[in-house]
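> Have a look at the structure that comes next, please.
The numbers here are math on the coordinates, done by the rules we state, and not lab data. Model, not experiment: these values are computed from the prediction. Note that we place each Cβ from the backbone using ideal geometry, even for glycine, and neighbour counts take in every protein chain shown.
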């Protein structure tokens, strides 16, 4: 009988140890792996949302580069933006790619919007200032604007 209780106690402790180890493994999975998966899912959702928003901006706004002013170590780009969506919307940031006469890329410039909204059917005029080298400023010929976050 004593041997029976000894085996029963040994089996009980082996089972309790197995259950404890299983609970630790499941807890670690929940804490680390599941959080990582949720974070990746959130990032993918956010990337999809940003892509959709950028596409809406491209459809609803027109960017027209008006002038490219060359200074010694700066370029100033003036542009007009038209909201064609039929709805008021906040103004997105605009990137400008700057090219020389041959169509070769020279530099990139970014305009950060400080306006909360774009009026319907009225152009909004913006000016982007870029710090560039003297050589880049001399070679700059035109700029193309597009929207970004």
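> Evaluate the relative contact order of the chain (contact order divided by residue number), counting alpha-carbon pairs under 8 angstrom at least 6 apart; express in whole percent.
Numbers: 226 pairs, mean separation 36.9, N = 149.
Relative CO of the chain lands at 25 percent.
> Measure nothing fancy, just the Cα-based angle from helix 2-28's long axis to the longest principal axis of the chain, in degrees from 0 to 90, nearest 10.
Orientation of helix 2-28: about 0 degrees from the principal axis.
> Would you mind classifying region 1-81 by shape? Square roots of the alpha carbon gyration tensor eigenvalues, ordered a ≥ b ≥ c; an a/c under 1.5 is rounded, otherwise it is prolate if a/b is larger than b/c and oblate if not. The partial results should precede the final answer.
Values: a/c = 17.48, a/b = 4.56, b/c = 3.84.
Since a/c reaches 1.5 and a/b is larger than b/c, the shape of region 1-81 is classed as prolate.
> Once the piece of chain linking residue 36 and residue 24 is laid out straight, how much longer is it, given 0.36 nm per residue of separation minus the C-alpha distance between them?
Values: separation 12, 0.36 × 12 = 4.32 nm, distance 1.79 nm.
My answer for the length gained is 2.5 nm.
> Something else now. Could you list 23, 53 in order of exposure, starting from the residue whose Cβ has the fewest other Cβ atoms within 10 Å?
On the way: 23 10, 53 13.
Starting with the residue having the fewest Cβ neighbours, the order is 23, 53.
> Express in nm, to one decimal, how much length is gained between residue 97 and residue 47 on full extension, taking 0.36 nm for each residue of separation and deducting their alpha carbon distance. Before the final figure, lay out each step's value.
On the way: separation 50, 0.36 × 50 = 18.00 nm, distance 2.28 nm.
Full extension from residue 97 to residue 47 adds 15.7 nm.
> Between residue 64 and residue 135, 0.36 nm times their residue separation minus their Cα-Cα distance comes to what?
Numbers: separation 71, 0.36 × 71 = 25.56 nm, distance 2.51 nm.
Working it through step by step, the gained length comes to 23.0 nm.
> Once both labels are modelled 7 Å past Cα along the beta-carbon direction, what's the residue 90-residue 105 spacing in nm?
Here the modelled spin labels are 2.8 nm apart.
> Shifting gears a bit: Under a 10 Å cutoff between Cα atoms, tell me which one of 22, 85, 49 has the largest fluctuation in the Gaussian network model of the chain.
22
> If you average the sequence gap of Cα pairs under 8 Å that are 6 or more apart and divide by the length of region 61-148, what percent do you get for the contact order? Don't jump to the answer; show the numbers that get you there.
Values: 212 pairs, mean separation 35.1, N = 88.
Result for region 61-148 is 40 percent.
> Go ahead and estimate [θ] at 222 nm for the chain from helices alone: -39,500 (n - 2.57) per DSSP H run with n ≥ 4, summed, over the residue count, rounded to 500. Numbers along the way, then the final one.
Numbers: 3 runs with 60 residues, N = 149.
Mean residue ellipticity, 222 nm, calculated: -14000 deg cm²/dmol.
> Of 48, 136, 36, which is the most mobile in a GNM of the chain whose springs link Cα atoms less than 10 angstrom apart?
Taking springs between Cα atoms under 10 Å, the residue moving most is 36.
> Only one of the listed values, (i) 1.91; (ii) 1.50; (iii) 1.05, was derived from the coordinates as Rg/Rh (Cα atoms, Kirkwood Rh); which label is it?
The value computed from this structure is option (ii).
> Now, a different point. Can you bin region 61-148 into rounded, prolate or oblate? Criterion: square roots of the alpha carbon gyration tensor eigenvalues sorted a ≥ b ≥ c, rounded for a/c under 1.5, prolate for a/b above b/c, oblate for the rest. Could you put the intermediate results ahead of the total?
Numbers: a/c = 2.70, a/b = 2.23, b/c = 1.21.
Judged from the Cα gyration tensor, region 61-148 comes out prolate (a/c at least 1.5, a/b above b/c).
> With the chain treated as a Gaussian network of Cα nodes joined by springs under 10 Å, which of 43, 62, 97 yields the largest mean-square fluctuation?
The residue that fluctuates most here is 43.
> Something else now. In the chain, what % of DSSP beta bridges are antiparallel (nearest 5)? Write down the numbers at each step before the final one.
Values: 31 of 32 bridges.
So the antiparallel bridges in the chain amount to around 95 percent.
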